[in-house]
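Heads up: the structure comes next, in structure tokens.
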Amino acid sequence: MRLPPLNALKSFEASARCGSFVLAAEELGVTAAAVSMQVRKLELFFGKTLFTRGHNHIALTDAGMTIYRDSASALNQLSTLTSKLLGDRDRRPLCVSVLPALAERWLASRVADWDAPLRIRVEDDPVELIRDGVDIRVTYGDHFYPGHHATVLMHESIVPVISTKIALDNLSLKSLPEELFIHVDWGERYMDHLGWNDWFREAGIARDISPARGKRVANTSLAMALAEQGVGVALTQGGFAQDAEYEGRLRIAHSTALPLLRPYCAISRDAPAAQGELLRLIDLLLQKPRRVRSCSFSRSGRRLA
């Protein structure tokens with residue numbers, strides 16, 4: 001049986017996932033030169049160029065993309081096999097990694113009834129599930145995690161919210177000063193995330209505003225916190241908006257809901273059906289907290305009881 005060198009495969013997988021030899025080196029605890037050398041070793045093994053190399057970036061070739069998908073899956077399977085063979089020696093609490101925007105306002109209410117040890121990490125994408133011992137990654141979409149299993153948790157839409165202390169009707173958003181709009185800066189990794197101008201188009205409002213004129217924040221939680229303080233109007237997920245309205249902290253400022261382009265997912269190394277505790281935890285994440293009243297939106301903007 002002829003197999004590629006494992007260290008070279010690990011360096012290649014990390015480089016492809018991170019999009020950089022430097023970031024891969026930081027993750028693996030080695031130098032960028034060492035990572036580059038290992039990748040070159042793998043290219044010699046396969047006799048194919050796996051990356052195109054630019055001045056400050058790398059990109060997978062077609063051959064590299066094929067090998068990346070299969071190598072990520074193979075490394076996941078190897079990790080799972082190791083855990084099974086180690087048995088009790090590797091037993092630990094389940095670990096959930098979650099986006100900052102989902103941690104307090106979504107995850108906390110869903111794991112409140114979890115009756116077993118649980119470790120929660122709050123961090124941005126991408127996360128190294130195998131290296132960091134993460135069992136479930138709760139995130140937006142599954143595009144950062146090829147070779148892993150994705151369970152769709154929810155499809156969301158975004159709606160505008162504002163403090164209950166501020167009077168605003170459906171028409172006021174047409175003339176609201178740009179300084180009062182709160183924008184979430186998702187960063188380059190989430191360029192497909194929608195913003196105010198996308199929402200205006202969905203609502204049929206002829207308006208185009210610049211994020212530079214309003215408040216710019218790093219995540220939805222902070223945007224909602226500013227809205228609660230009366231700083232301005234923010235876009236947030238419909239589920240968050242319903243919870244906040246239920247609690248009297250915010251109100252939904254307009255009935256139009258804009259569907260997000262990707263679902264929120266629970267990413268795991270393997271299909272959870274084969275793992276009892278993992279399946280039980282994902283089932284819990286799929287449930288709605290009992291205290292939140294049921295409410296949904298249609299794409300046309302009508303609010304449904």
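Please give the Cα centre distance for segment 201-229 versus segment 12-85, rounded to the nearest Å. Going from one Cα centre to the other spans 38 Å. A Cβ-based charge dipole, computed about the Cα centre of segment 157-261 with Lys and Arg at +1 and Asp and Glu at -1, lands at about 200 debye.
Taking every DSSP bridge with both residues inside the chain, close to 65 percent are antiparallel. When the Gaussian network model of the chain links Cα atoms closer than 10 Å, the mean-square fluctuations of HIS149, HIS55, HIS254 top out at HIS55. For GLU179, what is the net charge nearby, where nearby means another residue's Cβ is under 15 Å from its Cβ and Lys, Arg count +1, Asp, Glu -1? So the environment of GLU179 carries a net charge of +3.
Based on the Cα gyration tensor of segment 157-261, what are the three equivalent ellipsoid semi-axes, each the root of five times an eigenvalue, rounded to whole Å and given largest first?
Working: eigenvalues 65, 49, 39 Å².
They are 18, 16, 14 Å, listed from largest to smallest.
Around the amide H of VAL217, modelled in the peptide plane, lie the amide H atoms of HIS183, VAL184, ASP185, all under 5 Å away and 5 or more residues distant in sequence or on another chain. Work out which trypsin sites (Lys or Arg not before Pro) in the chain are exposed loop sites (DSSP not H, G, I, E or B, at most 13 other Cβ within 10 Å) and give the longest gap free of them. That gives 166-289 as the longest site-free run. Only one residue of LEU250, MET37, THR151 has its Cα farthest out toward the positive end of the dipole of the chain, where Lys and Arg carry +1 and Asp and Glu -1 on Cβ, and that residue is THR151. Kirkwood radius and radius of gyration were both taken over the C-alpha atoms of segment 91-155, and their ratio Rg/Rh is 0.93. Dividing the helix sum by the residues of the chain, where each DSSP H run of 4 or more adds -39500 (n - 2.57), gives a mean residue ellipticity at 222 nm of -10500 deg cm²/dmol. Close lysine pairs were tallied over the chain: pairs 8 or more places apart or on different chains with Cα atoms under 20 Å apart number 5. Evaluated at q = 0.16 Å⁻¹, a Debye calculation over the C-alpha positions of the chain (equal weights, vacuum) places log10 I(q)/I(0) at -1.25.
All of the numbers you see were taken from the coordinates with simple rules; none came from a lab. All of these numbers come straight from a predicted model, not from anything done at the bench. No Cβ is skipped: glycine too gets one built from the backbone with ideal geometry, and neighbour counts run over all protein chains shown.
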